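Remarks on the structure that follows.
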């Protein structure tokens, strides 16, 4: 959470929190939750995994046919 709070100025996953956990109180009240930022990071890394799974599966199928 410390990374997302510092990078995206957000807190909480489902709902925004009442305060930041790792930032100073002078930052003010949080305005958004970190759910979208976390979701985008997961989509990016899982997208590459999906592409590589399809490529290796297709290659294994071609090897099996030959």
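Bear in mind these aren't lab numbers, they're just calculated from the coordinates by the rules spelled out. Keep in mind that what you see is a predicted model, and the values were worked out from it rather than measured. In this analysis, Cβ positions are derived from the backbone assuming ideal geometry, glycine residues included, and neighbour counts consider all displayed protein chains.
For the stretch 33-66, give me the residue count where each residue is out of contact with any helix residue (DSSP H, G or I) (no Cβ under 8 Å at 6 or more places or on another chain) and closer than 30 Å to residue 4 by Cα.
Restricting attention to the stretch 33-66, the residues satisfying the condition of being out of contact with any helix residue (DSSP H, G or I) (no Cβ under 8 Å at 6 or more places or on another chain) are 33, 35-36, 39-66.
Subset that is closer than 30 Å to residue 4 by Cα: 33, 35-36, 39-53.
Summing the residues that are out of contact with any helix residue (DSSP H, G or I) (no Cβ under 8 Å at 6 or more places or on another chain) and closer than 30 Å to residue 4 by Cα in the stretch 33-66 gives 18.
How about the stretch 1-12: which of its residues are touching a residue at least 24 places away in the same chain (Cβ under 8 Å) and surrounded by fewer than 16 Cβ atoms within 10 Å (Cβ to Cβ)? Walk me through how you get there before you give the answer.
First, the residues of the stretch 1-12 that are touching a residue at least 24 places away in the same chain (Cβ under 8 Å): 1, 4-5, 7-8, 10.
Once the filter is applied, which keeps residues that are touching a residue at least 24 places away in the same chain (Cβ under 8 Å) and surrounded by fewer than 16 Cβ atoms within 10 Å (Cβ to Cβ), the stretch 1-12 yields 1, 7, 8.
List the pairs whose first member sits in the stretch 14-40 and is without any contact (Cβ under 8 Å) to a residue 40 or more places away in the chain and on the phi < 0 side of the Ramachandran plot, whose second member is loosely packed, with under 10 Cβ neighbours inside 10 Å and in a helix (DSSP H, G or I), and whose Cβ atoms are under 8 Å apart, counting only residues at least 6 apart or on separate chains?
19/25
Hey, can you tell me all the residues within the stretch 7-44 that are more than 15 Å from the chain's Cα centre (by Cα) and not in a loop (DSSP other than H, G, I, E, B)?
25, 26, 27
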